Structures are given as C-alpha cells and as structure tokens.
Amino acid sequence: MPGFQIRPLTPADKNWVSPVMVAEWGAEIVITHNEIFRPADLPGFAAFAGKELAGLVTYFIARNECEIITLNAWRQGQGMGAALIDATRQVAVRAGCIRLFLVTTNNNTHALHFYQKRGFIISAVRINAILESRKLKPQIPLQDEDGLPIRDEIELEMYL
C-alpha cells in the first residue's frame, strides 16, 4: 500500500493550487503549444502523504483528447507520479478520450525518461517553440539550473 492518498481536486483547492503553480512553474499560467492554461482552474488530482501535499496533476479534456498540463511529485521514487497519471488516464477513458498527451521541454530529461518508461511515446518536437511561449510567459528562463537551453517543446502521447 502506498504511503499517499490521491483525491480529485475540488473548487476549494483553487486557493492553494495557484500559489503552488507560482512556486513550481514560475507563474499562475502554463504555456504549451502556444496556448495559455491556468492550472488552478483545471480539474486534476492531489496526492497527500498524511496532511502534506506530496503531488499534483492538472489536465484539460477537449474533443477526444486529454492533455496533462502539469505534473509534480515531490516524493519521487514512491510511485506517486505514476499513480497521478493513472488517475488522469482513468478519467480520460471514462470521458471517451482516445489519446492522453503532454508537452515538456528539451531540457527536461528526467521527465522524458519518466514518461517513456510509463508507455508514452514522443509524437512531436516543436523546434524553438519556447521562443513564442516566452512572449506569453516571460518568466520562462533561457536555460535550466544545469545550463541546458530551454528551447523546444516535446510532445509525448499514449493511445487509450
């Protein structure tokens, strides 16, 4: 049995999701494929270890596709990220979605490994897409803490 519990986000959670987005993503908004998302306004799931927030996923469903907008697991190696993805996948299947997908950046090698290990495949690479994203969200740094340039969007998907 995992040392955490997952529950759907509720409207009352919006009060704490927004500050988490600022702390983790640099702003209340997230940009993917040149589209602005406000994770605090999206459905999702929270993972708790006791009363402590330990993970969070937000998603957006349109047509027959579900996009994971944000995923954070602050206790790595415990299966929390995988459980949050699985909860989202189950919602997507129930909603009639045929595809679950997400976008990350070229420098996020940890995420690329994590998602591919869980059955996602790289379906698109948008070279220099982050240049456009920075026009909407200037908080996106030019490089990460390891000095890798943050430049391209990488889309990963799985069919449901």
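Read-outs: derived from the displayed coordinates by stated rules, not from any lab. Note that the structure is predicted; figures quoted are calculated from it, not measured. Note that each Cβ is placed from the backbone with ideal geometry, even for glycine, and that neighbours are counted across all protein chains shown.
Which of the chymotrypsin sites (Phe, Trp or Tyr not before Pro) found in region 55-160 are in a DSSP loop and have at most 16 neighbouring Cβ atoms, other than their own, within 10 Å? Show your work: numbers first, answer last.
Details: sites: Tyr59, Phe60, Trp74, Phe101, Phe114, Tyr115, Phe120, Tyr159; in loops: Trp74, Phe120.
Within region 55-160, the qualifying chymotrypsin sites (Phe, Trp or Tyr not before Pro) (loop, at most 16 other Cβ atoms within 10 Å) are Trp74.
Lysines within cross-link reach of Lys14: Cα-Cα under 29 Å, excluding same-chain residues under 8 positions apart?
Lys51, Lys135, Lys137
As an exercise, use a Förster radius of 25 Å and the Cβ-Cβ distance of Arg151 and Ile121 to find the FRET efficiency, rounded to the nearest 0.05.
In this case the efficiency is close to 0.75.
Suppose a student asked you for the relative contact order of region 5-159, using Cα pairs under 8 Å spaced at least 6 residues apart; what percent would you report?
The value is 21 percent.
Tell me the trypsin sites (Lys or Arg not before Pro) within region 1-109 that lie in a loop according to DSSP and have at most 16 other beta-carbon atoms within 10 Å.
Within region 1-109, the qualifying trypsin sites (Lys or Arg not before Pro) (loop, at most 16 other Cβ atoms within 10 Å) are Lys51, Arg63, Arg75.
For the chain, treating each Cα as an identical point scatterer without solvent, what Debye log10 I(q)/I(0) comes out at q = 0.15, 0.18 1/Å?
So the normalised log intensities work out to -0.82, -1.21.
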